[in-house]
Ligand SMILES: [Zn+2]
Ligand SMILES: [Zn+2]
Ligand SMILES: [Zn+2]
């Protein structure tokens, strides 16, 4: 319907520069004809409660390596953490990285572990009790702390989750993963460097500034010649969910149609500094955000990952400028050759409209 698209005042076609990492830009192009949705039907996820043959279901504990930790420690486990049988990094190789010409390699030293998030096989986050989710965040903290304390070669611990086949989950039982590595991942490093540069220039944290804008900023852009209103920006509309201590916002330059980030409202660089009593509020904001995503998308499949200040020698120097956050990236489409070839993400839904739908959907 080209006429409809042309007259739609909310249609957006612009390249949005990520304010934190300018090299990561997004082409927001909402013209409906951009993507052949039919060809991208995503595989459904497994919603069963218990699967006899699943190594992560209760009763099959012998099918996994012995647990690293369980919660609760006694009685029936609710959360269980084990070594990954197919680690991407292993702790058995300790040789140093070497350099050959222009190809630099870094030794694949590290840890790769799996957290079975819940004993129920296919349970979605929005269906978990908030107390359970708070405990899960507590398990993330406990293990991150143990890993950093056990080995000072580890500079970064990445906690992430793939949920559903569309998000690359190879085992359908709901689980998260922990990868501890001796280097800081490039995208985290870019966030850390750029936010430190912003801090050096403006003396405030760019993430805090984005939260302030999300909560208060409004602007009207007028046409230079005619004086007509060209665009009204109400950045407040980026708020998806708000708790007492945490906020869920839709990034201005969202790479994924339904991408949402959760951050602490007060400045905090390290996820390990979240106090135990505040995990309940984080769990509430998380559960409600996932419920909103699920209500709008229907059966959300997603990746989420935690970005926290790296535990390298610069940790305290970066504490005022870096702000930890959880990035949730629902997978509703598959990247095309254009995205792979250009490195430019294409988002076919206007982030302001996506935020409004998420914020206003009935829970
Ligand atoms: Zn299972
Ligand atoms: Zn901050
Ligand atoms: Zn990030």
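Normalised Debye scattering of the range 106-262 at q = 0.16, 0.18 Å⁻¹ gives log10 I(q)/I(0) of -1.21, -1.38, counting only Cα atoms as equal scatterers and leaving out solvent. Just checking the listed ones, 142, 53, 30: in the Gaussian network model of the chain with Cα springs under 10 Å, the one fluctuating most is 53. Sorted from greatest to least, the principal axis extents spanned by the alpha carbons of the range 245-363 come out as 39, 39, 21 Å.
Using just its DSSP H runs of length 4 or more, each adding -39500 (n - 2.57), the chain gives a mean residue ellipticity at 222 nm of -8000 deg cm²/dmol after division by all residues. Note on the chain: GNM, Cα springs under 10 Å; of 66, 310, 172, the largest mean-square fluctuation is that of 66. The residues 160, 207, when put in order of fewest to most other Cβ atoms within 10 Å, stand as 160, 207.
Of interest is the spacing of the C-alpha centroids, which for the range 154-174 and the range 188-205 amounts to 28 Å. For the chain, the alpha-carbon radius of gyration amounts to 1.04 times the rule-of-thumb value 2.2 N^0.38 Å expected for a compact globular protein.
Mean-square fluctuations from a GNM of the chain, with a 10 angstrom spring cutoff on Cα atoms, peak among 268, 141, 314 at 314. Panel order for 324, 258, by other beta carbons found within 10 Å of each beta carbon, from fewest to most: 324, 258.
Of 267, 204, how do they rank once you tally other Cβ atoms within 10 Å and put the fewest first?
Ranking 267, 204 by Cβ neighbours within 10 Å, fewest first, gives 204, 267.
When 1/r is averaged over all different Cα pairs and the result inverted, which Kirkwood radius in Å belongs to the range 299-363? Walk me through the numbers on the way to the answer.
On the way: mean 1/r = 0.0657 Å⁻¹.
Radius from the Kirkwood sum: 15.2 Å.
Equivalent ellipsoid of the range 190-283: semi-axes from √(5λ) of the C-alpha gyration tensor, largest first, are 29, 18, 12 Å.
Here r is the Cβ-Cβ distance between residue 229 and residue 17 and R0 is 30 Å; the resulting FRET efficiency, rounded to 0.05, is 0.80. Its Cα gyration tensor gives the range 229-294 an equivalent ellipsoid, and the semi-axes of that ellipsoid, as √(5λ) in whole Å with the largest first, are 25, 14, 11.
Using C-alpha pairs under 8 Å with a sequence gap of at least 6, the mean separation divided by the residue count of the chain gives a relative contact order of 20 percent.
Only the coordinates and a few stated rules stand behind these numbers; no lab work does. Quantities reported herein were computed from a predicted structural model and do not represent experimental measurements. Backbone-built Cβ (ideal geometry, glycine too); neighbour counts: all protein chains shown.
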